[in-house]
Amino acid sequence: MHIRHFLSIHDLPPDGFWHLIDLARDIKLNPASYLHTLDGRALAMVFEKASLRTRVTFEVGIQQLGGFAVYLAPGDIGLGKREAVIDVARNLSRWVDGIMARTFDHATIVNLAEHATVPVINGLTDLLHPCQAMADYLTMLEHRGRLHGLCIAYVGDGNNVAHSLMFGAARCGARLSIATPHGYEPDRRIVLAAREDARSSGATIELTDDPREALIDADVVYTDTWVSMGHEAETASRREAFAAYQVNARLMAYARPDAIFMHCLPCHRGEEVTDDVIESPQSVVYDQAENRLHMQKAIMLDLLGTSGEQHA
Ligand code: CP
Ligand code: NVA
């Protein structure tokens, strides 16, 4: 049987992006209609890294759909250390109806998905953060009323969040400009794959080292931490490399006056973003965090629900 996973926006079927956006919007609007849609279903949540938003939104989300979650903290199961990934995948598949995993190496979650006989959902890897980007596109749609042609500036590290925003832009036809210092550009393979996906939507994905250039005409300004989980040893050199990429009021002035400010959180106030920007009326960071709940309910329902089984 073919099991559907959600490891990357790049892997969604052609209508998959809009299906999830529409489903998440309906779940947000009519939560009571979805109360028993995953009755009795179990989700294992495997974390190799820390989390606030991902853990809470998946756990609360599956409970709101009638199911429940089993949280496996970093260190609990020793994925690939105490036990091979293949055996963790096969064991979990005998007990639960879905697995959400947050891993360092992207190859670990791919390995998990290859050997699981239940759907696997990517809750962040070093390479991608697709649940975050899907919630972010829902947030942009709510605040801007459209995604096609929307001008998005991403400033900072060409990391997992930037990669998934690229794949999302490619699906919805947004115009994404990514400004990074030299040496911190997005992964070349992801840029090529996203540009390939963009051919059918009319999206554009531009790279620059000039944050001001990226912000010109921007409807959305997005940044993320300079030091992603796993890169803590590089903190000092990264702070130096990214100093000119701080999103502050001076930089925001290059964007459209009604531009929204976005950040996946956790943020480091005074580093990648200043307090005045994140606290400004332009900031929608807590709407993004809220939308993780609605979007992931849509993803779980799509993969673990009975309509998911019919698709499989
Ligand atoms: N944005 C996000 O994924 O937050 P957590 O690391 O707290 O889950
Ligand atoms: N890029 C960040 C995102 C955290 C949600 C990290 O990987 O740590």
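The values are calculated or read from the model by the stated rules, or taken from the named source; none is laboratory data. This structure is a prediction, so every number in the text was calculated from the model and none was measured. FYI the Cβ positions are ideal-geometry reconstructions off the backbone, even for glycines, and counts take in every protein chain you see.
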task: Within region 266-278, identify whether any single residue is in contact (Cβ under 8 Å) with a residue 60 or more places away in the chain, within 14 Å of ligand 2 (Cβ to nearest atom) and surrounded by fewer than 17 Cβ atoms within 10 Å (Cβ to Cβ), and answer yes or no.
output: yes
- request: Could you please find all residues in region 126-150 being away from ligand 1 (no atom under 16 Å from the Cβ) and not hydrophobic (A, V, I, L, M, F, W, C)?
  value: Glu142, His143, Arg144, Gly145, Arg146, His148, Gly149
message: Looking only at region 160-173, count every residue that is surrounded by fewer than 24 Cβ atoms within 10 Å (Cβ to Cβ) and either within 16 Å of ligand 1 (Cβ to nearest atom) or part of a loop (DSSP other than H, G, I, E, B) (or both) and tell me the total.
response: 1
message: Go through region 283-312 and report how many residues are away from ligand 1 (no atom under 16 Å from the Cβ), in contact (Cβ under 8 Å) with a residue 40 or more places away in the chain and surrounded by fewer than 22 Cβ atoms within 10 Å (Cβ to Cβ).
response: 5
- line: Those strands (runs of 3 or more DSSP E) completely within region 174-255 that have 2 or more residues that are farther than 20 Å from Gln132 by Cβ and in contact with a helix residue (DSSP H, G or I) (Cβ under 9 Å, 6 or more places away or on another chain) are 204-208
task: For Val155, indicate whether it is closer than 29 Å to Thr223 by Cα, modelled with pLDDT of 95 or more, surrounded by fewer than 15 Cβ atoms within 10 Å (Cβ to Cβ) and of a type outside the set (Lys, Arg).
output: no
statement: Flagged in region 119-128 as in contact with a Lys or Arg (Cβ under 9 Å, 6 or more places away or on another chain) and in a loop (DSSP other than H, G, I, E, B), in numbering order, are Pro119, Gly123, Leu124, Thr125
Failed item in (1) closer than 17 Å to Met295 by Cα; (2) more than 16 Å from ligand 2 (Cβ to nearest atom); (3) among the hydroxyl-bearing types (Ser, Thr, Tyr), with Thr57 passing the rest: (2)
- request: Could you please find all residues in region 1-43 being in contact with a Gly (Cβ under 6 Å, 6 or more places away or on another chain) and part of a helix (DSSP H, G or I)?
  value: Ile9
- prompt: Only one residue in Gly78, Gly123 is more than 30 Å from Tyr184 (Cβ to Cβ) and not charged (D, E, K, R). Which one?
  reply: Gly78
field: Matching residues, region 72-104, being within 16 Å of ligand 1 (Cβ to nearest atom) and polar (S, T, N, Q)
entry: Thr103
task: State whether the residues of region 190-200 include one that is of a type in the set (Gly, Ala, Ser), farther than 30 Å from Pro14 by Cβ and either at pLDDT 95 or above or within 16 Å of ligand 1 (Cβ to nearest atom) (or both).
output: no
query: What are the residues in region 228-237 that are of a type outside the set (Asp, Glu) and free of Cβ contacts under 8 Å to residues at least 24 places away in the same chain, if any?
result: His231, Ala233, Thr235, Ala236, Ser237
message: Looking at Leu265, Leu301 in this structure, which one is assigned to a helix (DSSP H, G or I) and at pLDDT 95 or above?
response: Leu301
- prompt: For region 44-71, what are the residues that are among the polar types (S, T, N, Q) and either part of a strand (DSSP E or B) or more than 12 Å from ligand 1 (Cβ to nearest atom) (or both)?
  reply: Gln63, Gln64
query: For region 107-125, does any single residue satisfy the condition of being more than 16 Å from ligand 1 (Cβ to nearest atom) and more than 28 Å from Val46 (Cβ to Cβ)?
result: no
Evaluation of Pro31 against (1) exposed (fewer than 14 other Cβ atoms within 10 Å of the Cβ); (2) in contact (Cβ under 8 Å) with a residue 24 or more places away in the chain; (3) away from ligand 2 (no atom under 16 Å from the Cβ) (one fails), failing number: (1)
